[in-house]
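Some notes on the structure that comes next.
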Amino acid sequence: MNTSALIMMLVTEGIVIAFTGYFFYRVLTTKKHGEPDSFTENDDQE
Amino acid sequence: MANTEAWGSRVGLILAMAGNAVGLGNFLRFPVQAIQNGGGAFIIPYLVCFLLMGLPLLFVEWSSGRFGGSKGHHSTPFIFDAMDRKKFWKYIGVFGIFTNVAVAAYYCYLESWTLSWVWNSITGTFSGQSQAEVATYFGNYVSLENPDHTFNAMPIVFWVICLLLNTWILSRGLSGGVEKAAKIGMPLLLIFGAFLAYKAITIKAGSEGASFDGVAGLNFLWTPDYSSIWSSKVWLAAAGQVFFTLSLGMGSIQCYASYIKKKDDIALNAMSAGWMNEFVEVVLGSAILIPIAVGYLGIDRVVEMTASGGLGLGFMTMPYLFDQWGAVMAVIAGVFWFGLLFFAGITSSLAMGTPVMGFLQDEYGWKRKPAAWAFGGIVLLLGLPTVLFFNEGVFDEYDYWAGTVSLVVFALFEIILFAWVFGMDKGWKEITSGSDIKVPNVFKFIIKYITPVILAFVFVKSLPGIWEKIMNKESMIKLKFTCTLKKFPDKLLKSMLSCQMFRRILFTVKG
């Protein structure tokens, strides 16, 4: 690959992967809101 | 009867939203748009449009959906009505029902091709065929003909299977159907995509019949032509791609979000689902179709073949190229490629059914199952012309009016409603209420001023095309209608026969 194509690809994919990873990580690690919330999977929890 | 649907989990909601956005266009449209509009430089207007139009519209659609849901509404006519009592907005909201039904009418047919091509890959239909033979097979398939010009019922059978599958999943409800499908479909899509991307970029010239390295395709796609970013055509293409890839302007995001409670987050969810779609599009979408095609066909041939889009390359050429990888790998790659497209398709078509069901459940008190079957029935009726008269251009007409014009018109009005009628201050409260992230204040300004201007630009620039389409249509319609009338009884009879045949197959399997 030529240098400009390689840089363009790595920078773009780096940005996209970083944002995707960061936001999904935040979703997984953010503390759940108390019940009643929008989701049924934890309805038995207080 | 109150609509008691709910999401099972937050991850399930995000996967369903991402699945709604991820469609066939991520793999077939994006890479072709990139190579036609400046290669790597295309990503500059693309990401700018994503930030200035895509993300703001995601915030708007998620928050107006949650706002409508808090008032007991799950479809855009009544969500918009809750935002402003003027009847005009309710009628604009009808686009959010109409578009979903009309797009599903042709999209489910496209989805059924992927299912059929999975089957063909398993049964070895394309084994040993030349590229021209695969293309002829596709031509015969959409013409509902066998090579000996007898009637081919297979497209109708796969289409009906696809509709039944969609309807069945929808009838299982939001958490039991749509969410489960997304939880299965999205991870599989990522695995299939990663495998194919690896195969594509490791193609070596001289090995397995390849003429060039797969990396040559990546190089071709990512080499930036910076002069292109001064072209309004390129910006329009980028805005269009962002718009379609995020499934904006359809009413399906509002519907999914309407099942979120007021105190729960939407900002982080919207960002997560939006960026997940970008990952599939930019990282996986750029690494499969073009590298494989360039590896075997060379740049010039790929440019020529993608002049009218990526659909032909995806369905008519890929099976032939996979066949060069040997018998076993051809089956695996075929199943993975068309399976990936199928999962991308079905997670989107399910999102098209949900607003229609929400509308029937909320406003007419229908139960979930009859609502799902009503959607399936409407799509069957409206989709029949796209199946029977594909070659007469019915599919393209649906795609243009429902899948292109209607979305832009709807999105333009919804941003005006949100930012200027409902009011930006109230709107901003809706976006940030319960948020798990700090939404930058600059988005308040972007949503109020920048996004409407971009949408107006996209709409105004598309007006000449709409006008041309209307003006050219008269003669085209006459010609097509005459052909259609002549063929209609014949095709209808054949499709009825194939339905009978389909029922017989089902009974045989059941019995």
query = Mind checking the angle between helix A:3-29 and chain A's longest principal axis? C-alpha axes, 0 to 90 degrees, to the nearest 10.
reply = 10 degrees
request  = Note down the magnitude of the dipole of the protein assembly as shown about its Cα centre, charges +1 on Lys and Arg C-beta and -1 on Asp and Glu C-beta and zero elsewhere, to the nearest 20 debye.
outcome  = 1100 debye
task = Provide the per-residue ³J(HN,Hα) series for the range B:394-405, in order, calculated from phi with Karplus coefficients 6.51, -1.76, 1.60 and θ = phi - 60°, each as a whole number of Hz, with x at glycine and proline positions.
result = 5, 4, 5, 5, 4, 4, 5, 6, 8, x, 10, 4
task = May I ask you to compute the full-extension gain from B:VAL142 to B:TYR91, defined as 0.36 nm times their residue separation minus their alpha-carbon distance, rounded to one decimal in nm?
result = 14.8 nm
request  = Take peptide B:262-272, look around each residue's Cβ out to 10 angstrom, count Cβ atoms belonging to other protein chains, and average those counts.
outcome  = 4
message = If N is the number of residues in the protein assembly as shown, what value comes out of its Cα radius of gyration divided by 2.2 N^0.38 Å?
response = 0.95
query = Any idea of B:LEU297's accessible area? Nearest 10 Å², probe 1.4 Å.
reply = 40 Å²
query = Ignoring ligands, DNA and RNA, what accessible area per residue does the range B:332-451 give at 1.4 Å, in Å²?
reply = 36 Å²
request  = Go through A:LYS32/B:LYS444; B:LYS199/B:LYS233; A:LYS31/B:LYS262; B:LYS87/B:LYS461; B:LYS426/B:LYS448; B:LYS263/B:LYS444 and tell me which ones have a Cα-Cα distance over 22 Å in this structure.
outcome  = A:LYS32/B:LYS444; B:LYS199/B:LYS233; B:LYS87/B:LYS461
ask   = Summing Lys, Arg as +1 and Asp, Glu as -1, what charge do residues with Cβ under 15 Å from the Cβ of B:LYS444 carry, B:LYS444 excluded?
value = +2
task = Just the Kirkwood number for the range B:90-202, please: inverse of mean 1/r across all distinct Cα pairs, in Å, one decimal.
result = 16.9 Å
request  = Just need log10 I(q)/I(0) for chain B at q = 0.08 Å⁻¹, Debye formula, equal scatterers on the alpha-carbon atoms, no solvent, rounded to two decimals.
outcome  = -0.49
inquiry  = For q values of 0.14, 0.15, 0.21, 0.22 Å⁻¹, compute log₁₀ I(q)/I(0) with the Debye formula on a Cα-only model of the range B:1-66, without solvent.
reply    = -0.62, -0.68, -1.04, -1.08
query = For chains A and B, what's the summed buried accessible area, probe 1.4 Å, to the nearest 100 square angstrom?
reply = 2900 Å²
request  = Return P(r) of chain A (all Cα-Cα pairs; 10 Å bins starting at 0; whole %; ordered from short to long distances).
outcome  = 23, 27, 20, 15, 11, 4
remark   = Lys and Arg at +1, Asp and Glu at -1: neighbours of B:ALA402 with Cβ under 14 Å from its Cβ sum to -2
Whole-Hz couplings from phi, Karplus 6.51/-1.76/1.60, listed for the range B:437-443; x for Gly and Pro = 10, 8, 7, x, 4, 4, 5
inquiry  = Could you work out what % of the accessible surface of the range B:238-362 is carbon and sulfur, using a 1.4 angstrom probe and leaving DNA, RNA and ligands out of the count?
reply    = 68 percent
Which of A:SER38, B:SER127 is most accessible, then next, and so on - probe 1.4 Å = B:SER127, A:SER38
query = Which ³J(HN,Hα) values in Hz, rounded to whole numbers, follow from the phi angles of the range B:271-277 under the Karplus curve 6.51 cos²θ - 1.76 cosθ + 1.60, where θ = phi - 60° and Gly and Pro get x?
reply = 5, 5, 5, x, 6, 5, 4
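The values are calculated or read from the model by the stated rules, or taken from the named source; none is laboratory data. In this text, all values refer to a predicted model and were calculated from it rather than measured experimentally. As a convention, Cβ positions derive from the backbone with ideal geometry for all residues, glycine included, and neighbour counts pool all protein chains shown. Accessible surface areas use protein heavy atoms only, side chains included; no ligands, DNA or RNA. Shrake-Rupley method; radii C 1.70, N 1.55, O 1.52, S 1.80 Å.
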